[in-house]
Amino acid sequence: MESATVPDAGVARQTAVIGAGAWGTALADLLARNGHAVTLWAYEPDVAESITRRHENPRFLPGVAVAPTVRATSDLASAVDGASLVCVATPSHLLRGILRKAVPHLERSASLCIASKGIETDTLALMTDVATEEAPDHPVVALSGPSFAAEGAARQPTAIVAASDDDAASVLVQ
């Protein structure tokens with residue numbers, strides 16, 4: 001795959017986070033607090049409503065205030081609309097199906113950041129391999145490290161790696 005063009009990786013951008021569990025919520029909060037426009041997709045409509053209206057996700061990340069600029073929705077197409085970076089933090093067994101639904105709505109130049117952990121049960125594929133299969137025209141970056149959602153949400157020091165065959169996409173995610 002050719003390298004994506006990232007004119008300035010430090011520029012605020014429209015970002016989508018797919019998956020409003022603890023890790024997805026923590027990533028959405030961090031991205032928003034770093035100046036990005038963030039839309040967070042939640043499977044559960046009540047979770048999306050709580051994040052948008054009360055700026056909290058008591059079901060999956062209780063006690064953490066979510067940046068007031070995070071907009072949450074349970075409409076997957078609208079969540080990814082216009083996003084140049086799409087971070088995916090869904091359970092591994094749901095990743096392929098959710099990506100299949102999201103890919104037709106992705107911006108042509110969108111990069112995918114896969115923060116889902118695990119291996120697909122039926123195929124034994126890594127999550128980045130699943131993403132590459134489902135979104136072959138988009139750069140895929142693996143986001144992984146010895147970290148926990150609560151630590152990220154509390155802004156505690158941690159180490160996370162953004163790895164990809166596409167250098168520009170890796171820089172974008174960093």
So, first residue more than 20 Å from Ile119 (Cα to Cα) in the stretch 131-154, second residue surrounded by fewer than 17 Cβ atoms within 10 Å (Cβ to Cβ) and of a type outside the set (A, V, I, L, M), Cβ within less than 7 Å, six or more apart or across chains; the pairs are Glu151/Thr158; Gly152/Thr158
Only residues in the stretch 89-115 that are touching a residue at least 24 places away in the same chain (Cβ under 8 Å) and under 14 Å from Ala125 (Cβ atoms) count as the first member; pair them with residues that are hydroxyl-bearing (Ser, Thr, Tyr) and assigned to a helix (DSSP H, G or I), Cβ under 7 angstrom, at least 6 apart or cross-chain, and list the lot. Ile114/Thr128
What number of residues in the stretch 133-161 are under 19 Å from Thr15 (Cα atoms) and at pLDDT 85 or above? 9
Looking at Glu44, is it at pLDDT 95 or above, surrounded by fewer than 16 Cβ atoms within 10 Å (Cβ to Cβ) and closer than 23 Å to Gly97 by Cβ? yes
Does Glu120 count as more than 24 Å from Leu172 (Cβ to Cβ), at pLDDT 95 or above and surrounded by 14 or more Cβ atoms within 10 Å (Cβ to Cβ)? no
Across the stretch 156-173, the tally of residues that are touching a residue at least 24 places away in the same chain (Cβ under 8 Å) and not in a helix (DSSP H, G or I) stands at 4
Do the conditions hold for Gly82, that is, is it more than 13 Å from the chain's Cα centre (by Cα), part of a loop (DSSP other than H, G, I, E, B) and modelled with pLDDT under 95? no
What number of residues in the stretch 85-117 are β-branched (Val, Ile, Thr) and closer than 20 Å to Gln174 by Cβ? 3
For a quick check of your reading of the model, give me the residue pairs whose first member lies in the stretch 18-44 and is closer than 13 Å to Val86 by Cα, whose second is in a loop (DSSP other than H, G, I, E, B) and among the basic types (Lys, Arg), with beta-carbon atoms closer than 6 Å and at least 6 apart or on different chains. His36/Arg13
Please name all residue pairs, on different chains or six or more residues apart, with Cβ atoms under 6 Å, provided the first residue is in the stretch 68-84 and is touching a residue at least 12 places away in the same chain (Cβ under 8 Å) and the second residue is surrounded by fewer than 20 Cβ atoms within 10 Å (Cβ to Cβ) and assigned to a loop (DSSP other than H, G, I, E, B). Pro68/His55; Ser84/Arg13
On the given criteria, is Thr69 polar (S, T, N, Q) and either in contact with an Asp or Glu (Cβ under 6 Å, 6 or more places away or on another chain) or not in a loop (DSSP other than H, G, I, E, B) (or both)? no
Among residues of the stretch 125-144, those that are of a type in the set (A, V, I, L, M) and either more than 15 Å from the chain's Cα centre (by Cα) or part of a helix (DSSP H, G or I) (or both), counted: 5
Report, by residue number, each residue of the stretch 47-66 that is surrounded by 19 or more Cβ atoms within 10 Å (Cβ to Cβ) and not aliphatic (A, V, I, L, M). Ser50, Asn57, Phe60
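The values are calculated or read from the model by the stated rules, or taken from the named source; none is laboratory data. These numbers come from a predicted model, not from an experiment. Virtual Cβ from ideal backbone geometry, glycine too; neighbours counted across all protein chains shown.
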